[in-house]
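Engineer: I'd like to ask you about the structure that follows.
The values are calculated or read from the model by the stated rules, or taken from the named source; none is laboratory data. Model, not experiment: these values are computed from the prediction. Positions of Cβ are backbone-derived with ideal geometry, glycine not excepted, and every protein chain shown enters the neighbour counts. What goes into the accessible areas is simple: the full protein's heavy atoms, side chains included, and nothing from ligands, DNA or RNA. Shrake-Rupley method; radii C 1.70, N 1.55, O 1.52, S 1.80 Å.
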Amino acid sequence: MDTTKIVIIDDHQLFREGVKRILDFEANFHVVAEGDDGIEALDLMEKHNPDVIIMDINMPKMNGVDATKQLVEANPEAKVIVLSIHDDENYVTHALQTGARGYLLKEMDADALVDAVKVVADGGSYLHPKVTHNLVREYRRLSENGGSNGGGAATLAYKQVEIRRPLHLLTRRECEVLQLLADGKSNKAIGEALFISEKTVKNHVSNILQKMNVNDRTQAVVVAIKNGWVEVR
């Protein structure tokens, strides 16, 4: 397999080292450089041309969102995953609007970090499950109110419809997994809820994405909401 070159930008050295340690366990991941502010991120991008940049949102000199914007303006193919402690939809949409391909909360587990890097490196997008759930709930609220918050989420078309599971497309178990994805559950939490292994959950998610013809779990949830296949709880 091709090696995925990664740059980590975070001003907290201990956290940065923890992220690097997790990524180093993956045989085809290679952390080529580390930095502690947005300005350094721009230099390291030019020097190493990494496949993925993992970027803290709150840093001195230049924050992660501003750095992401400049990186993407200079290189539209730049693939940035933003790290944050904030799950508020305004932070998320701002980061995505500036060009980030992923958004992870710092409470993530190791599997989420690895999955995010793999998905983004392959050209997809990845949102922390909790963030996905919060965004969907906010989109529903805006749509029901018929308005916008003025600076955040674009309205997702949502209507009160009878929930009809897509049994024409997915198995019953896959429908259960899809609902739990919409609930913002991680693979581990889905496994615990359904009494199956994380590996089995990953296989179900992969089958769901293929059958729904979407690139990532976030898109799957959005499509499911629009079609009335899942409840927004």
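Engineer: Amide H to amide H under 5 Å from M62: which residues, 5+ apart in sequence or cross-chain, H placed 1.01 Å off N in plane?
Structural biologist: G38, I39
Engineer: Further question: Please report Rg (one decimal) and Dmax (integer) in Å for the Cα set of the chain.
Structural biologist: Cα radius of gyration and Dmax of the chain are 18.0, 53 Å respectively.
Engineer: Filter the GluC sites (Glu not before Pro) in the stretch 38-88 to those in DSSP coil with at most 13 other Cβ atoms within 10 Å of their Cβ, and list the result. Write out the running numbers ahead of the final one.
Structural biologist: Details: sites: E40, E46, E73, E77; in loops: E77.
Passing both the DSSP loop test and the Cβ count: E77.
Engineer: Moving on to the next point. List the residues whose amide H sits under 5 Å from the amide H of Y126, counting only those 5 or more places along or on another chain, with H placed 1.01 Å from N in the peptide plane.
Structural biologist: G102, Y103
Engineer: Right, here's the next one. At 222 nm, what helix-only mean residue ellipticity would the chain give, in deg cm²/dmol to the nearest 500, using -39500 (n - 2.57) for each DSSP H run of four or more? Please list the in-between numbers first.
Structural biologist: Numbers: 10 runs with 116 residues, N = 233.
-15500 deg cm²/dmol, from helical runs alone.
Engineer: Could you report the chain's accessible area per residue, 1.4 Å probe, as an integer in Å²?
Structural biologist: Working: 11640 Å² over 233 residues.
Heavy-atom accessible area per residue stands at 50 Å².
Engineer: What three numbers, in Å, describe the spread of the alpha carbons of the stretch 1-136 along their principal axes, ordered from the longest?
Structural biologist: Over the stretch 1-136, Cα extents along the principal axes are 34, 30, 29 Å.
Engineer: Net charge near S186, counting Lys/Arg +1 and Asp/Glu -1 over other residues with Cβ under 10 Å of its Cβ?
Structural biologist: On the way: positive: K130, K185, K188; negative: D109, D111, D115, E192, E198.
That sum, taken over residues with Cβ under 10 Å, equals -2.
Engineer: Under 5 Å between amide hydrogens, which residues at least 5 positions from V31 or on another chain qualify, with H placed 1.01 Å from N in the peptide plane?
Structural biologist: I6
Engineer: Loop-only chymotrypsin sites (Phe, Trp or Tyr not before Pro) in the stretch 1-96, please: DSSP not H, G, I, E or B, and at most 11 other Cβ atoms within 10 Å. Write down the numbers at each step before the final one.
Structural biologist: Values: sites: F15, F25, F29, Y91; in loops: F25.
Taking the stretch 1-96 and a limit of 11 other Cβ atoms within 10 Å, the loop chymotrypsin sites (Phe, Trp or Tyr not before Pro) found are F25.
Engineer: Give me a comma-separated list of calculated 3J(HN,Hα) values for the stretch 187-201, in order, Karplus coefficients 6.51, -1.76, 1.60 applied at θ = phi - 60°, integers in Hz, x for any Gly or Pro.
Structural biologist: Listing the rounded values in order: 4, 5, 5, 5, x, 5, 5, 9, 6, 10, 6, 4, 4, 5, 4 Hz.
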